[in-house]
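Presented below is the structure to which this report refers.
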Amino acid sequence: MKKQFLIYFLISCFLPAHAIVNPEPGENIWHLAASIGTEVDQLAINHTNCCTQTFTVLAAIVREEITIESKLDQCCFTLVSKLNSLTSTVQTDFEGTFTAIAAIQCGSSSSCTPTILTAPTIISASGNYCMSSNLTGDITIAASEVTLSLNGFALTGAITINPGVSNVTVQNGVIMPSASTTNTYAINNSGTYVLLQNLNIQGTPTATSSVGGINNTASNVVIRECFIVASAGGISGTAGGIGINNTGSNVIIKNNNIAGGNATGTANDGGDAINLNSVANVLVIQSIIARAGNGTTTGNGGAGINNVGITSQIIECTIVTTGSGQIGAANGGHGIFISSSSSTSLIRDCKIFNTGSGGNTGTGGSCIQDSGINGLIIDCQLATLASGQNGGSAIVELNALGNVISNCFIEQTGNGSTLGGNGLFVTGTSNKIEARFCNIANIGTGITNGFAVRDTTIGPASENVYFANFAYNVLGPAYVFSTGSTVDGTTGTAFGLGTDRLSNVHKP
């Protein structure tokens with residue numbers, strides 16, 4: 001019996017409770033409880049191990065999140081810093097750009113700040129000055145090294161540049177002298193090394209006088225890219241305003257559009273578009289004369305360019321309309337007038353049309369009237385419709401000496417009630433006319449028709465030379481001289497050196 005119990009005891013120690021087969025009554029509950037307890041203990045052990053591992057993994061994940069957040073924080077901080085830096089740079093660049101644009105608009109470089117003018121003033125210190133709104137009143141520049149930009153605004157007043165100042169620029173805006181101004185020009189310049197550019201000048205007549213565009217009395221001046229309309233005569237009746245009046249030397253007038261003013265009242269002359277009372281060396285280039293002013297009653301019409309000077313050059317200019325006289329001995333305005341005080345002037349590549357009519361005893365304006373010495377007229381296209389007692393001629397060499405006319409196309413001259421206009425009308429000596437196969441055509445009619453060439457000098461001593469000229473549609477004799485000799489055939493061998501060829505020439 002003891003041996004059996006010992007075997008049972010050994011088996012029960014080494015076998016799980018649920019492995020006991022056929023338990024005795026009452027033992028099944030104990031064994032069941034033991035078995036459940038063992039399973040629960042094992043489950044608790046497994047759960048503990050599982051949770052420990054899970055929390056270990058979770059802790060590792062949290063640590064990784066902390067690391068990621070730290071790196072994100074560092075990245076975002078760097079990114080925001082870069083964005084802030086970029087924003088600051090862009091803002092600075094834009095501010096710099098607008099500052100530069102504002103400076104350019106005010107006529108200043110980006111390296112300096114212009115002084116804004118808020119009222120009419122006397123500028124007495126060097127610097128850059130700028131208008132930021134329309135102003136009324138006069139501005140006087142009394143200092144050198146001044147740049148004044150109207151900045152696209154309008155000055156209702158006049159600008160004066162005092163004598164003794166230099167290196168001045170006035171630009172970019174509108175100048176309209178008021179009707180009450182005491183100035184007779186929108187700009188009066190007495191300074192040297194002055195640039196006037198990109199200005200719109202509109203003259204307004206005063207009660208007693210006209211108002212011109214620019215009056216320059218100094219040397220070394222450039223006037224360019226300006227639109228200038230001189231005013232009519234004042235209410236009381238005066239001559240028309242002059243577009244540009246120049247008495248200075250070494251002056252360039254380039255790329256301008258200019259109109260002279262009409263006279264008012266009685267017996268007043270129309271205004272010239274450009275008046276060059278110069279000492280020497282004036283260049284007028286690539287400018288357009290829209291019109292010169294009309295005279296009143298016995299007053300003469302204004303000229304496109306009135307030139308008194310030495311070594312002046314008028315190049316690539318277009319003169320559309322010159323002024324007319326009205327009655328009596330009033331004369332029409334010339335396209336270009338070269339005075340007897342002029343010498344060595346050059347007129348090249350100019351187009352001149354529609355010169356002014358004269359009165360019933362006056363003469364229509366000529367395209368070019370030259371009384372100067374040793375000048376050159378070359379490559380010009382000329383057409384005048386001027387009428388009067390005497391029709392206007394294309395080119396008049398009035399007591400001129402030693403001039404050369406070459407390669408000019410003369411399209412039409414004016415009709416007169418008495419004399420038709422001539423292609424060339426020569427009264428001077430020692431001139432050379434060599435049209436070189438260009439045309440002298442459609443000569444004006446009158447009781448006496450115009451001539452292709454009319455030379456009133458006396459005999460061979462005149463020493464005028466005509467070479468290779470071509471004329472057609474001439475109603476009167478093609479050539480006539482005061483000596484009575486004429487050429488009205490087709491050979492043209494009766495005068496001159498060389499051969500003049502004539503066609504479609506009709507005898508009166």
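Details
- Intensity falloff of the stretch 323-458 expressed as log10 I(q)/I(0), Debye formula with alpha-carbon point scatterers, at q = 0.10, 0.18 Å⁻¹: -0.26, -0.88
- Under the criterion of Cα pairs below 8 Å and six or more residues apart, the relative contact order for the stretch 231-388 equals 18 percent.
- Legend: translational diffusion of the stretch 120-235 by Stokes-Einstein, Rh = Kirkwood radius over C-alpha pairs, 4 °C, 1.567 mPa s; D = 94 µm²/s.
- Annotation: extensible slack from residue 283 through residue 409 equals 43.1 nm (criterion: 0.36 nm per residue apart, minus Cα-Cα distance).
- Solvent-accessible area per residue in the stretch 204-311 equals 31 Å², computed with a 1.4 angstrom probe and all protein chains kept.
- Inverse of mean 1/r across different Cα pairs in the stretch 344-422, Kirkwood, Å: 12.4
- 16 Å tail of the calculated P(r), the stretch 269-389, as % of Cα pairs: 54
- Across the stretch 357-402, the volume of the C-alpha convex hull divided among the residues equals 55 Å³ per residue.
- Accessible surface comparison of 169, 184, probe 1.4 Å, protein chains only, largest first: the order is 184, 169.
- Per-residue SASA entry for residue 348, accessible area with 1.4 Å probe, Å² rounded to 10: 80
The values are calculated or read from the model by the stated rules, or taken from the named source; none is laboratory data. Remember, it's a predicted structure, so these values are computed and weren't measured experimentally. The area values use the complete protein model at the heavy-atom level, side chains included, leaving out ligands, DNA and RNA. Shrake-Rupley method; radii C 1.70, N 1.55, O 1.52, S 1.80 Å.
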